[in-house]
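To start, the structure itself, in structure tokens.
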Amino acid sequence: MSKIKLFRTSRLTPPDTIDLFGLKLSRMTYMQTLDWVDANVLKHENSRACVFSANVDQLVRYHHDPQFRETYKIADLIIPDGMPVVWSTKLVGNAVPERVAGIDLLYGLCSRAAHGGYRCFLLGAHADIVQAAGDGLMRRFPRLIVCGWQHGYFHRDEPVVDAINAAQADLLFVGMGSPRQETWLKNNFSKLRCRLALPVGGAFEVIAGRRRRAPVLVQKSGMEWAWRMLQEPRRLGKRYLMEDLRFVPMVLDELRSRRKTSGRA
């Protein structure tokens, strides 16, 4: 395959963002996010971008783990994925307009890819799950091109990178769970020829029908974590009931810091 010149942020229009916990968090709605990707990446052959999510779990890890913090340096756009994140922006006085869930963004991007003829590659989960997710996406979007998939249980990155490049993927969805998916992209995005990369956590299991997504009312109530924990109590119980509680003092510290700054202004 011939080498192509790929550009990063130099050709991307800066999105509307706010500063929160040291991150530039997007202030765009779901539709504005899709339009930003469409205008800046999909319709510009030589542009590319990484889009990361920021939910409570990821923000807590970002705040306490310097190595994980490094992964977000490759993100060209960081979306607010979780109602507690949306509420925290309102509390500190610089609200984002709405939650932009990673799985919803995946669906929206697949819809645009189907209409535009862009090729999608799925990376992560068990082989049967990621294959079923690919089949599910093609049923939902009949014109969608899923040019390949790869399970997430591999030991060497190089063959996986080569497979994605050989498939000529435009969009790469990485569902290996956090922090592995972000770390993998940090280490490998520069070697990939795809134009957009999006970590999607456990979305493949939902798309494949192996796990149910919370009802819309539960999502809007901010209790989606409880819905997920009931489905996977062993894996998620400690995370949600202990580790993610550290988000509360993070928000309070952010609020105190902003009040001090405004008081000195």
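The values are calculated or read from the model by the stated rules, or taken from the named source; none is laboratory data. Only a predicted model underlies this, so the values are computations on that prediction, with no experimental measurement involved. Using ideal geometry, Cβ is built from the backbone for each residue, glycine included, and neighbour counts are taken over all protein chains shown. Heavy atoms of the whole protein, side chains included, go into the accessibility calculation; ligands, DNA and RNA do not. Shrake-Rupley method; radii C 1.70, N 1.55, O 1.52, S 1.80 Å.
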* Asked: Taking the stretch 121-131 as the region of interest, how many residues are small (G, A, S) and open to solvent by less than 10 Å² (accessible area, probe 1.4 Å)?
  -> 1
* Of the residues in the stretch 75-120, how many are touching a strand residue (DSSP E or B) at 6+ places or on another chain (Cβ under 6 Å), more than 27 Å from A133 (Cβ to Cβ) and open to solvent by 10 Å² or more (accessible area, probe 1.4 Å)? -> 1
* Looking at this structure, is R143 part of a loop (DSSP other than H, G, I, E, B), under 27 Å from T29 (Cβ atoms), open to solvent by 10 Å² or more (accessible area, probe 1.4 Å) and at pLDDT 95 or above? -> yes
* To do: Looking at (1) under 24 Å from C194 (Cα atoms); (2) part of a helix (DSSP H, G or I); (3) not basic (K, R), find the lone condition where P14 falls short.
  => (2)
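Rundown of residues vs (1) part of a helix (DSSP H, G or I); (2) on the phi > 0 side of the Ramachandran plot; (3) aliphatic (A, V, I, L, M); (4) at pLDDT below 95, yes/no style:
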{"residue": "A95", "(1), (2), (3), (4)": "no, no, yes, yes"}
{"residue": "D104", "(1), (2), (3), (4)": "yes, no, no, no"}
{"residue": "Y107", "(1), (2), (3), (4)": "yes, no, no, no"}
{"residue": "A114", "(1), (2), (3), (4)": "yes, no, yes, no"}
{"residue": "C120", "(1), (2), (3), (4)": "no, no, no, no"}
{"residue": "M138", "(1), (2), (3), (4)": "yes, no, yes, no"}
{"residue": "G152", "(1), (2), (3), (4)": "no, no, no, no"}
{"residue": "P159", "(1), (2), (3), (4)": "yes, no, no, no"}
* Structure fact -> Note on E70: of the conditions (1) modelled with pLDDT under 95; (2) within 18 Å of the chain's Cα centre (by Cα), unmet is (1)
* Filter result (buried (at least 18 other Cβ atoms within 10 Å of the Cβ), of a type outside the set (A, V, I, L, M, F, W, C), out of contact with any helix residue (DSSP H, G or I) (no Cβ under 6 Å at 6 or more places or on another chain) and not in a helix (DSSP H, G or I)) within the stretch 28-74 -> R48, N55
* To do: Tell me, yes or no, whether the stretch 80-99 has at least one residue that is under 16 Å from the mean Cα position of the chain (by Cα), within 20 Å of V41 (Cβ to Cβ) and without any contact (Cβ under 8 Å) to a residue 60 or more places away in the chain.
  => yes
* Test A166 against the criterion of being surrounded by 16 or more Cβ atoms within 10 Å (Cβ to Cβ) and at pLDDT 95 or above, and give yes or no. => no
